[in-house]
Amino acid sequence: MKNYTFILIPEKEDREKIESIRMKYTGHKLVDALPPHVSFKRRFWLTDDFVEKDLKKVLNEFQIAKITLLFNRVERLDDTTVLVADRGRLLPKHKQLLELLKGKVITKNPKWESESFKAHLTLFRNSIKKDIKLEKLGIKKITFNTFCLYEIDSSPTRSFANKIECKGLH
């Protein structure tokens, strides 16, 4: 069964900053085989009467503008180190997407959606144990200009991510 996610990808300059930080601390520029991103719709799979072509249609018809998120802290979430953003401007759009997908997809961890949605960008997984301060990273805000649909590895290794389709945001 294929697993999917909708993500927001930063502009090239911001993406390169994040990749540089990852290289400095871990020696790898990617986490979970995905480019730096904010998960807009967490891992899910399709119901029997909804197909990948329908997901592409949702991606292309969903209205979201280019957005700059302000990151206010670095936090540990289970085995990950993340940048946490103010979700205020993003939450209404997240809920709108959830509503469009309601009854059409099954979410792996629905407890982290809607009011529990935490806008975050994963910096590292498993590899960094010490506290890292936001000021030291030099990232306070990141502009996201691409909205994508990816198929992602359903196993715990998270070894692959296949880009299905993306659209630029203006």
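Exactly one residue out of 155, 114, 159 is of a type in the set (Ser, Thr, Tyr) and within 15 Å of the chain's Cα centre (by Cα), and it is 114.
Checking the range 140-151 against the condition returns no match, with no residue being without any contact (Cβ under 8 Å) to a residue 60 or more places away in the chain, in a loop (DSSP other than H, G, I, E, B) and either crowded, with 18+ Cβ neighbours inside 10 Å or not β-branched (Val, Ile, Thr) (or both). Across the range 25-47, the number of residues qualifying as on the phi < 0 side of the Ramachandran plot, part of a loop (DSSP other than H, G, I, E, B) and not basic (Lys, Arg) comes to 6. Restrict the check to the range 48-67 and report whether at least one residue is farther than 16 Å from residue 99 by Cα, in contact (Cβ under 8 Å) with a residue 40 or more places away in the chain and in a strand (DSSP E or B). Checked the range 48-67: at least one residue is farther than 16 Å from residue 99 by Cα, in contact (Cβ under 8 Å) with a residue 40 or more places away in the chain and in a strand (DSSP E or B). Residues in the range 153-169 that are over 20 Å from residue 21 (Cβ atoms) and modelled with pLDDT under 95: 153, 154, 155, 156, 157, 159, 160.
Which one is farthest from the chain's Cα centre (by Cα) among residues in the range 91-108 that are part of a loop (DSSP other than H, G, I, E, B) and either among the small types (Gly, Ala, Ser) or at pLDDT 95 or above (or both)? My answer is 103. Within the range 119-139, the set of residues being loosely packed, with under 15 Cβ neighbours inside 10 Å and either without any contact (Cβ under 8 Å) to a residue 60 or more places away in the chain or in contact with a strand residue (DSSP E or B) (Cβ under 6 Å, 6 or more places away or on another chain) (or both) comprises 126, 129, 130, 131, 133, 135, 136.
The values are calculated or read from the model by the stated rules, or taken from the named source; none is laboratory data. These numbers were taken from a predicted model, which means no experiment stands behind them. Quick reminder, even Gly has a Cβ in these numbers, built from the backbone with ideal geometry, and neighbours come from all protein chains shown.
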